[in-house]
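Here the structure comes first, spelled out in structure tokens, and everything after it is commentary.
The values are calculated or read from the model by the stated rules, or taken from the named source; none is laboratory data. In this text, all values refer to a predicted model and were calculated from it rather than measured experimentally. A quick note on method: Cβ atoms are made from the backbone with ideal geometry, for glycine too, and the neighbour counts reach across all protein chains shown.
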Amino acid sequence: MKAELDSRLADLKTLLTSALKTPPQLTFAMLKRPATVPPFDPGDLGQRLPVPAWEDFAPPPPGVLSGLVGGKARHARAQEAARNAFEQALADHTRDDDSRVRQLQAAREEYDQQVRAIEAKVREHNAAVDELYAGTPSPTTARIRRCDPMAAMACSAPIDRPSRAILPACMPGCRAP
């Protein structure tokens with residue numbers, strides 16, 4: 001059992017030391033965030049309300065026998081009542097659909113405000129990353145200082161971001177990255 005634990009410990013040490021030998025590959029670009037915005041979902045507001053159909057209101061036609069005993073007059077009254085109910089249902093549908101459209105527009109405006117807020121937050125975060133990047137010396141800067149600090153000071157290129165073209169002319173002893 002002790003041999004097994006020693007073997008496991010040795011494996012873990014090897015893994016740890018091999019992981020520490022490789023520098024972490026973290027770039028400033030990795031710190032930036034994309035603006036991930038969920039798509040607009042109107043839910044039920046996105047569905048049109050069904051339009052009333054006359055077939056749902058129309059009374060059945062009078063039968064042969066009912067036509068003989070005053071059924072035609074009853075049918076005419078039933079048809080008039082059905083027409084009134086149908087017209088009322090159409091008016092209610094129009095009113096309800098207009099309300100749905102207004103609610104849909106309000107929901108879309110709220111969504112658009114949320115999108116703008118998310119995008120502003122991401123822009124703010126990414127600007128902070130850019131600001132951090134601008135204030136961080138590049139690896140080339142460290143190489144210049146190590147190679148010849150006096151040449152780095154005499155060089156006309158800015159020390160924080162020397163260009164590759166200026167480096168060799170400015171510092172003949174150092175190679176450009």
Look at residue 33 and say whether it is closer than 27 Å to residue 117 by Cβ and surrounded by 10 or more Cβ atoms within 10 Å (Cβ to Cβ).
yes
It is to be established whether one or more residues within the stretch 106-118 are of a type in the set (A, V, I, L, M, F, W, C), in the same structural domain as residue 131 (by TED's automatic domain parsing) and more than 30 Å from residue 131 (Cα to Cα).
yes
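This table checks each residue for (1) at pLDDT 90 or above; (2) under 20 Å from residue 98 (Cα atoms); (3) not polar (S, T, N, Q); (4) not assigned by TED's automatic domain parsing to the domain that holds residue 109.
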{"site": "26", "(1), (2), (3), (4)": "no, no, yes, yes"}
{"site": "30", "(1), (2), (3), (4)": "no, no, yes, yes"}
{"site": "45", "(1), (2), (3), (4)": "yes, yes, yes, no"}
{"site": "51", "(1), (2), (3), (4)": "yes, yes, yes, no"}
{"site": "56", "(1), (2), (3), (4)": "yes, no, yes, no"}
{"site": "60", "(1), (2), (3), (4)": "no, no, yes, no"}
{"site": "64", "(1), (2), (3), (4)": "no, no, yes, no"}
{"site": "67", "(1), (2), (3), (4)": "no, no, yes, no"}
Could you tell me whether any residue of the stretch 15-35 is within 30 Å of residue 91 (Cα to Cα), assigned to a loop (DSSP other than H, G, I, E, B), touching a His at 6+ places or on another chain (Cβ under 9 Å) and not polar (S, T, N, Q)?
no
Given the structure, is residue 162 more than 30 Å from residue 50 (Cα to Cα), modelled with pLDDT under 65 and surrounded by fewer than 14 Cβ atoms within 10 Å (Cβ to Cβ)?
no
